[in-house]
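The values are calculated or read from the model by the stated rules, or taken from the named source; none is laboratory data. It should be emphasised that the depicted structure is a prediction, and the values quoted were computed from it without experimental measurement. Reconstructed Cβ throughout: ideal geometry from the backbone, glycine too, with neighbour counts over all protein chains shown. Surface accessibility is based on the protein's heavy atoms, side chains included, excluding ligands, DNA and RNA. Shrake-Rupley method; radii C 1.70, N 1.55, O 1.52, S 1.80 Å.
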Amino acid sequence: MKLSVIGLGYIGLPTALLFASKGLDVTGIDVNEAVVKKLNNKELHIEENGIQDLLEETIDNKNFKASTEVKHSDYYIIAVPTPHLKDNSCDVSYLKSAILKLKDVIKKDDTIIVESTIGPRTMEDIVQPMIESFGFTVGKDIYLAHCPERVLPGKIIHEMIHNNRIVGGITEACTRKTTELYKQLVQGKLLETKASTAEMSKLMENTYRDVNIALANELVKISDTLNINALDVIKFANEHPRVNIHTPGPGVGGHCLAVDPYFIVASDEKNAQIISKARAINNSMPDFVIGKVNKIMETIKGKKITVLGLTYKGNIDDIRESPALDIYHELKLKSEFEVIAQDSHVQLDWVENDIEKALKNSDLALVLTDHNEYRELVNYVNGTMKQNIVFDTKNIVGNTKELKYYNFNNIYNI
């Protein structure tokens, strides 16, 4: 069986390599020639646990190769970016471009699967008409489905295999044909449904979490006003057997939680009231954090801030939609302080990878990402910082006895 995976990013590459590890003949397609060259030389362009071993294994076994050209296959998986436009609707330009690449290579009985996260009814209103304009009838001589990913960065390989997977076909025949492919990889349940239900299910999974985080972030603001310990409130409330308030933070980032809710809002703005408000609350958190930083620096007469962490979550290299990045740039541009960015996972010329160097003579360490290395921050602070003051927006720093320590539980004391 031959499979082509179009788009070799954080989802497409693990997908291609995992199917190749099961013995399929897989070609990974990407428009970036540098990425293709690196992969064929067994070099990665993304950071993810276990991917390097899979890449080497599948290339050595001749089950995977990368290319800039779409090859004839039996199955095609599309995993290209779908960012949001200025009006917050789903940008399907990369998806359309990928579909157009299939025009001259697909044949009767082929199956096309979109894994990219898309707005409601994209499969029926955009993808299906494009495929049928090539001269095929979907569900009869070609098969089309949406099978959204639902994985956690850092654990992608495990979750692609073990998580339950939604398979949404345009027709029942499309669903069955798609299930035949995923049975070779997925050990979790394959949940069969129609395409539009699969689209909305994926969006609601991330919207639920975004709304829950917004509730926690709103609690932080209220608690700050009323001198109440927000994190203790969450801890005690979650002792209730049917309560699960999520963890507050400096905002919500990534290509899923910070983007997917907008696709629902754009499809029905009139009725998506809670979803819209949750997005606004989470988007307000960087300004809230910056306000607290300014107050700390004014109180301590500080001059230098070290921003610890730029990625949207811990122990990965992904900075897409990261609120930490927004906070850093805002402080850098609009504050009077010296601002240094540190992140051991981000390789950019303006980012310091060494924690101790970044903290040298700093007055405030601002923790914005829950990287493991920050859990023992006290080991880097003593004798390095000018003032041992930490504002921990992720509540991860341990052994704080030697620090002047602020988090969302005591920020009203600033």
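If I filter the stretch 379-414 down to residues being out of contact with any strand residue (DSSP E or B) (no Cβ under 9 Å at 6 or more places or on another chain) and over 18 Å from Pro248 (Cβ atoms), which single residue comes out as most open to solvent (accessible area, probe 1.4 Å)? Spell out how you get there, then give the answer.
Pass one, the stretch 379-414, residues out of contact with any strand residue (DSSP E or B) (no Cβ under 9 Å at 6 or more places or on another chain): 379, 382-384, 398-399, 401-402, 409-410, 412.
Applying the additional criterion that residues be over 18 Å from Pro248 (Cβ atoms) yields 379, 382-384, 398-399, 401-402.
Working: Asn379: 112, Asn382: 69, Gly383: 78, Thr384: 13, Gly398: 25, Asn399: 83, Lys401: 187, Glu402: 103 Å².
If we take residues in the stretch 379-414 being out of contact with any strand residue (DSSP E or B) (no Cβ under 9 Å at 6 or more places or on another chain) and over 18 Å from Pro248 (Cβ atoms), then Lys401 is most open to solvent (accessible area, probe 1.4 Å).
Looking at Leu95, is it of a type in the set (A, V, I, L, M, F, W, C), within 22 Å of the chain's Cα centre (by Cα) and either over 21 Å from Arg150 (Cβ atoms) or open to solvent by 40 Å² or more (accessible area, probe 1.4 Å) (or both)? It would help to see each step written out before you state the result.
Numbers: of a type in the set (A, V, I, L, M, F, W, C): yes; within 22 Å of the chain's Cα centre (by Cα): yes; either over 21 Å from Arg150 (Cβ atoms) or open to solvent by 40 Å² or more (accessible area, probe 1.4 Å) (or both): no.
Criteria not met by Leu95.
Only one of (1) under 27 Å from Thr311 (Cβ atoms); (2) touching a Lys or Arg at 6+ places or on another chain (Cβ under 7 Å) is not met by Asp25, so which one is it?
(1)
Please specify each residue of the stretch 178-200 satisfying the condition of being open to solvent by 50 Å² or more (accessible area, probe 1.4 Å) and outside any helix (DSSP H, G or I).
Going residue by residue through the stretch 178-200, those that are open to solvent by 50 Å² or more (accessible area, probe 1.4 Å) are 180, 183-184, 187, 189, 191-192, 194, 197, 200.
Lys183, Gln184, Gln187, Lys189, Leu191, Glu192, Lys194, listed by residue number.
Have a look at Thr117, Thr175 and point out the one that is assigned to a helix (DSSP H, G or I), among the polar types (S, T, N, Q) and open to solvent by less than 40 Å² (accessible area, probe 1.4 Å). Spell out how you get there, then give the answer.
Working: Thr117 fails: assigned to a helix (DSSP H, G or I).
Being assigned to a helix (DSSP H, G or I), among the polar types (S, T, N, Q) and open to solvent by less than 40 Å² (accessible area, probe 1.4 Å) holds for just one of Thr117, Thr175, which is Thr175.
Can you pull out the residues in the stretch 64-98 that are aliphatic (A, V, I, L, M) and touching a strand residue (DSSP E or B) at 6+ places or on another chain (Cβ under 7 Å)? First the steps, then the outcome.
In the first step, residues of the stretch 64-98 are kept if they are aliphatic (A, V, I, L, M); the result is 66, 70, 77-80, 85, 92, 95, 98.
Once the filter is applied, which keeps residues that are aliphatic (A, V, I, L, M) and touching a strand residue (DSSP E or B) at 6+ places or on another chain (Cβ under 7 Å), the stretch 64-98 yields Ala66, Val70, Ile77, Ile78, Ala79, Val80, Leu95, Ala98.
Working carefully through the options Leu310, Leu366, find the one that is closer than 15 Å to Ile389 by Cβ and aliphatic (A, V, I, L, M). Give the derivation first.
Values: Leu310 fails: closer than 15 Å to Ile389 by Cβ.
So the residue among Leu310, Leu366 that is closer than 15 Å to Ile389 by Cβ and aliphatic (A, V, I, L, M) is Leu366.
Which residue pairs have Cβ atoms closer than 6 Å, lie 6 or more positions apart in sequence or on different chains, and pair a first residue in the stretch 268-291 that is over 17 Å from Pro120 (Cβ atoms) with a second residue that is open to solvent by 40 Å² or more (accessible area, probe 1.4 Å) and not charged (D, E, K, R)?
If the second residue must be open to solvent by 40 Å² or more (accessible area, probe 1.4 Å) and not charged (D, E, K, R), the pairs left are Ala278/Val211.
Determine whether Leu203 is free of Cβ contacts under 8 Å to residues at least 40 places away in the same chain, of a type in the set (A, V, I, L, M) and part of a helix (DSSP H, G or I). Even if it seems obvious, please write down each step before you answer.
Values: free of Cβ contacts under 8 Å to residues at least 40 places away in the same chain: no; of a type in the set (A, V, I, L, M): yes; part of a helix (DSSP H, G or I): yes.
No, not satisfied.
Filter the stretch 32-66 for residues that are β-branched (Val, Ile, Thr) and under 19 Å from Leu152 (Cα atoms) and give the result. Spell out the reasoning first.
Let us first name the residues in the stretch 32-66 that are β-branched (Val, Ile, Thr), namely 35-36, 46, 51, 58-59.
Passing the criteria: Ile46, Ile51.
Give the residues of the stretch 1-26 that are open to solvent by less than 10 Å² (accessible area, probe 1.4 Å) and of a type in the set (Ser, Thr, Tyr), sorted by residue number.
Ser4, Thr15
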